[in-house]
Amino acid sequence: MSSYRKLGRDSAHRQMMLRGMSAELLRHGSIITTHAKAKEVQRSVEKMITLGKRGDLHAQRQAVSFLLDKGVASKLFKDIAPKYQERNGGYTRIYKLGFRRGDAAPMAKIELV
């Protein structure tokens, strides 16, 4: 049994999709997606915020290499991470929204707390 969801994609597609969704969540504060994708994005965003709280040069380079967007990474270190300095995890929240009309996939909204 693997420790992550495969989401019906090969590894390269899955990794790039999660990177993009993580960047969009950090850029906009919330996104709407399927419940399974939201739970996977939650893992990576929590790790990025932890890097942001660390704040050293190595953490910045790790964040940029994962997010692939220097603008989002600088927002993470300047705006987002300082808000969570006193918090020991649980930086995101997932709301269930019901089912998508086309294929009845369970939908969810993930947002920064």
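The values are calculated or read from the model by the stated rules, or taken from the named source; none is laboratory data. Being a predicted model, the structure only gives us computed values, none of them experimental. Every residue, glycine as well, gets a Cβ built from its backbone with ideal geometry; the counts of neighbours run over all protein chains shown.
Odds and ends about this structure:
- Tally of residues being surrounded by fewer than 19 Cβ atoms within 10 Å (Cβ to Cβ) and either in contact with an Asp or Glu (Cβ under 8 Å, 6 or more places away or on another chain) or among the small types (Gly, Ala, Ser) (or both) across the range 60-76: 3
- The single condition among (1) in a loop (DSSP other than H, G, I, E, B); (2) farther than 23 Å from Arg14 by Cβ; (3) modelled with pLDDT of 95 or more that Ala104 does not meet is (2).
- Conditions (1) assigned to a helix (DSSP H, G or I); (2) surrounded by fewer than 16 Cβ atoms within 10 Å (Cβ to Cβ); (3) in contact with a strand residue (DSSP E or B) (Cβ under 9 Å, 6 or more places away or on another chain): number failed by Ile49: (2)
- Looking across the range 1-42, just one residue is loosely packed, with under 15 Cβ neighbours inside 10 Å, without any contact (Cβ under 8 Å) to a residue 24 or more places away in the chain and under 17 Å from Tyr91 (Cα atoms), and that is His28.
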